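Every number here is computed from the coordinates shown, using simple stated rules; none is lab data. Predicted, not measured: the structure shown is a model, and the values here were computed from it. For neighbour counting, all protein chains shown are included, and Cβ atoms are generated from backbone atoms with ideal geometry for every residue, glycine included.
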Amino acid sequence: MKAKSRIALIDDDHDFLYMNRCVLEEQGFQVSCFSDPLVAIEAMNETTPDIIVTDLMMNKMTSGFTFLKMIRSDETLRSIPVIIVTAIGSKMGFDFSPRDETDLKAMGAQAYFSKPVDHAAFLSRIRELLVDSPQEKRR
């Protein structure tokens, strides 16, 4: 029997974590939720996820970009696909959405969604990324 794909959700919005955990678990994923990015990194080094889903604006860090930089500099986590799901544009009034793959790469991510997330597109992108995920290929 194939193991469930593991997804780490990092966001300081507990409602977002709960709602998306339910959606992802209903689709058969194993989900770990974290409201603190530093706790998430520590846990992900113990149990490596197949995909990381993170916000850009969180309480305990000045920027989700800092979190992404930490992931990309971590030997264990650097090759894991990252999906950004954020409301930064509507909250800050700036357009942070990437225009192309080069922008996504500069952000340290493979996908970007604005909140509220379109769950059909979100799930579709997760499945696409899992096909190419180094962790998934090792199973």
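From the backbone phi of segment 103-111, what are the Karplus-calculated ³J(HN,Hα) couplings (6.51 cos²θ - 1.76 cosθ + 1.60, θ = phi - 60°) in whole Hz, Gly and Pro given as x?
Taking θ as phi minus 60°, the curve returns 5, 4, 4, 4, 7, x, 10, 10, 7 Hz for segment 103-111.
As a footprinting exposure proxy, order Ser32, Ser5, Ser73, Ser79 by other Cβ within 10 Å, with the fewest listed first.
Placing the least packed residue first, the sequence is Ser73, Ser79, Ser32, Ser5.
What shape does segment 6-130 have by the C-alpha gyration tensor, where a ≥ b ≥ c are the square roots of the eigenvalues, rounded means a/c under 1.5, and otherwise prolate means a/b greater than b/c and oblate the rest?
rounded
Could you state the principal axis extents of the C-alpha atoms in segment 1-71, from the largest down, to the nearest angstrom?
Reported extents, whole Å, longest axis first: 41, 25, 15.
For Phe113, which sequence-distant residues (separation of 5 or more, or a different chain) have an amide H within less than 5 Å of its own amide H, given hydrogens modelled in the peptide plane?
For Phe113, whose amide H was placed from the backbone, the distant partners under 5 Å are Ile84, Val85, Thr86.
Convex hull over the Cα atoms of segment 21-62, averaged projected area in nm²?
Result: a mean projected hull area of 3.3 nm².
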